[in-house]
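A short write-up of the structure that comes next.
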Amino acid sequence: MQKKKIIVMGFMAGCPIAGVVWQHIHYIVGLQRLGHDVYYIEDSARLPYDPVAYEVNESYKYAAKVLDQLGREFGFEGRWAYCARYLKTPECAGMSLSAVRELYKEADAILNVCGAQEMNEDLAKSERLIYVESDPGVEQMKVDNAGGKIPDYLKQHHALFTFGELVGTPDFAVPTHSVRWLPTRQPVVTDFWKTDSPTRPDARFTSIANWNTSGRKDVVWRGSTYLWSKSLEFLKFVEAPTLAGEAFELATEIKDEHALNRFVTNRWEFTDPNPISIDFNLYKSYIQGSKGEFTVAKDQYVRLHTGWFSDRTACYLACGRPAITQQTQFTKLYGGDKGLLAFETLEDIVEGVRSINADYTAHCRAAYEIAAEFFEATKVLSALLEKAGI
């Protein structure tokens, strides 16, 4: 593959949560390993979040510190910028604004990861913007609700990709009109996660979750509301640990006492998510130290049969940790047997736990093999660039 100049854009500095950081790092390092010159740019009018101060403010000092550290650790030192478009006169940390503007003109591809990067007059001059949608269903329902009218910010992209690998197929309920959505999935650099360390005897099925986010991306489509939060999905399966005969653990905060009590009485354990969220190495260690993952998917992903799959769950698999996760029809593409099990009912969960416990070593081996075959960053990103014609 010919060497290209590629920009990754996203929100790992403005929202430096560990899972978000890893999501972007996999793109950066994966593209580097394909031999490309890779840059990371955030050029946003959104105020950044400081997870240490627990606040959103105008200072981009923490965001710049994060990118400086990550640049040195992951090989893009001197190739990053955080541009604060929210200031009256935009300012940049890292590369200068003039250098960023020139880079936009020269880049062979600009990946808008999670569709998080807003358009601005400088970025709009590029004809190589690639939209990477991590939340399938939202844009498709909005377009259908608008009678097929495509929003300008989608039109400004050279190609549109989605983690909803079944979007546009007969399995997916929402018409896509004239929009061509190309399938992709979260890249994972598997050697960052692979571990030969055995799990502790007391290790649990775990997950890491932001508890209640409904309202932010809830969409009403054809008379029904499709929720973006996972909290109600967890509540549907709250009895899973009791029925499976062992405790599950969540790194999350549930502030509703009634809901929390339902979980605690059903053998759920909880750990403070804040240290894990701030430290991306601690996040990795928490996943590696787990027996496996048990988690649900967002209502939108499940009911619309998107084929979506979690980037965090892919990291569990790369650690050689098996996963039991809610069915979005991803098993039409991979998984469904050893290493990666899908569920629709409580009985499916109980059977999944029983199967993993009966041959844990084989499930761990299969989990890693799935990650290496289907999520390895160089494979995923090579396919993405080829489909985009880059």
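Select from region 69-91 the residues that are part of a strand (DSSP E or B) and either under 21 Å from the mean Cα position of the chain (by Cα) or closer than 16 Å to Pro16 by Cα (or both) and list them in ascending order.
Trp80, Ala81, Tyr82, Cys83, Ala84
Every residue, every condition in (1) part of a strand (DSSP E or B); (2) in contact with a Leu (Cβ under 7 Å, 6 or more places away or on another chain), yes or no:
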| residue | (1), (2) |
| --- | --- |
| Asp202 | no, no |
| Ser207 | yes, yes |
| Asn210 | no, no |
| Thr225 | yes, no |
| Glu233 | no, no |
| Pro241 | no, no |
| Phe270 | yes, yes |
| Asn274 | no, no |
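In region 243-268, how many residues are in contact (Cβ under 8 Å) with a residue 60 or more places away in the chain and part of a helix (DSSP H, G or I)? I'd like the intermediate steps shown before the answer.
Step one: list which residues in region 243-268 are in contact (Cβ under 8 Å) with a residue 60 or more places away in the chain, which gives 243-246.
This time we only want the ones that are part of a helix (DSSP H, G or I), so: 243-244.
The qualifying residues number 2.
I'm trying to understand the selection: among the residues of region 261-290, which are out of contact with any Pro (no Cβ under 8 Å at 6 or more places or on another chain) and either of a type in the set (Lys, Arg) or outside the structural domain of Ala251 (by TED's automatic domain parsing) (or both)?
If the condition is that a residue be out of contact with any Pro (no Cβ under 8 Å at 6 or more places or on another chain) and either of a type in the set (Lys, Arg) or outside the structural domain of Ala251 (by TED's automatic domain parsing) (or both), then Arg262, Lys284 are the ones that fit.
Quickly run through region 108-142 and pick out the residues that are among the aliphatic types (A, V, I, L, M) and either within 22 Å of Arg185 (Cβ to Cβ) or in a loop (DSSP other than H, G, I, E, B) (or both). Talk me through it step by step, then tell me what you get.
Within region 108-142, the subset among the aliphatic types (A, V, I, L, M) is 109-111, 113, 116, 119, 123-124, 129-130, 132, 138, 141.
Of everything in region 108-142, those that are among the aliphatic types (A, V, I, L, M) and either within 22 Å of Arg185 (Cβ to Cβ) or in a loop (DSSP other than H, G, I, E, B) (or both) turn out to be Ala109, Ile110, Leu111, Val113, Ala116, Met119, Leu129, Ile130, Val132, Val138, Met141.
Ala314 - would you say it is at pLDDT 95 or above and within 16 Å of the chain's Cα centre (by Cα)?
Here the answer is yes, as Ala314 does meet what is asked.
Anything in region 87-135 that is in contact with an Asp or Glu (Cβ under 7 Å, 6 or more places away or on another chain) and among the hydroxyl-bearing types (Ser, Thr, Tyr)? List them, or say none.
Of everything in region 87-135, just one residue is in contact with an Asp or Glu (Cβ under 7 Å, 6 or more places away or on another chain) and among the hydroxyl-bearing types (Ser, Thr, Tyr), namely Tyr104.
Could you check region 7-25 and list, in sequence order, the residues that are under 13 Å from Phe280 (Cα atoms) and either of a type in the set (Asp, Glu) or touching a residue at least 40 places away in the same chain (Cβ under 8 Å) (or both)? So that I can check it myself, show each step before the final result.
Step one: list which residues in region 7-25 are under 13 Å from Phe280 (Cα atoms), which gives 12-13, 15-25.
Met12, Ala13, Pro16, Ile17, Ala18, Gly19, Val21, Trp22, Gln23, His24, Ile25 - these are the residues of region 7-25 that are under 13 Å from Phe280 (Cα atoms) and either of a type in the set (Asp, Glu) or touching a residue at least 40 places away in the same chain (Cβ under 8 Å) (or both).
Based on this model, can you work out whether Val167 counts as surrounded by 19 or more Cβ atoms within 10 Å (Cβ to Cβ) and not in a loop (DSSP other than H, G, I, E, B)?
Details: surrounded by 19 or more Cβ atoms within 10 Å (Cβ to Cβ): yes; not in a loop (DSSP other than H, G, I, E, B): no.
When the stated conditions are applied, Val167 does not pass them.
Can you say whether Ala203 is farther than 30 Å from Ala247 by Cβ and more than 22 Å from the chain's Cα centre (by Cα), as far as the supplied structure shows?
Considered against the rule, which asks whether it is farther than 30 Å from Ala247 by Cβ and more than 22 Å from the chain's Cα centre (by Cα), Ala203 comes out as no.
Return the residue satisfying two criteria in turn: it lies in region 326-362 and is surrounded by 23 or more Cβ atoms within 10 Å (Cβ to Cβ) and assigned to a strand (DSSP E or B), and of such residues it is farthest from the chain's Cα centre (by Cα).
It comes out as Leu341.
The values are calculated or read from the model by the stated rules, or taken from the named source; none is laboratory data. The structure presented is a predicted model; accordingly, all values stated were derived computationally and were not measured. Positions of Cβ are backbone-derived with ideal geometry, glycine not excepted, and every protein chain shown enters the neighbour counts.
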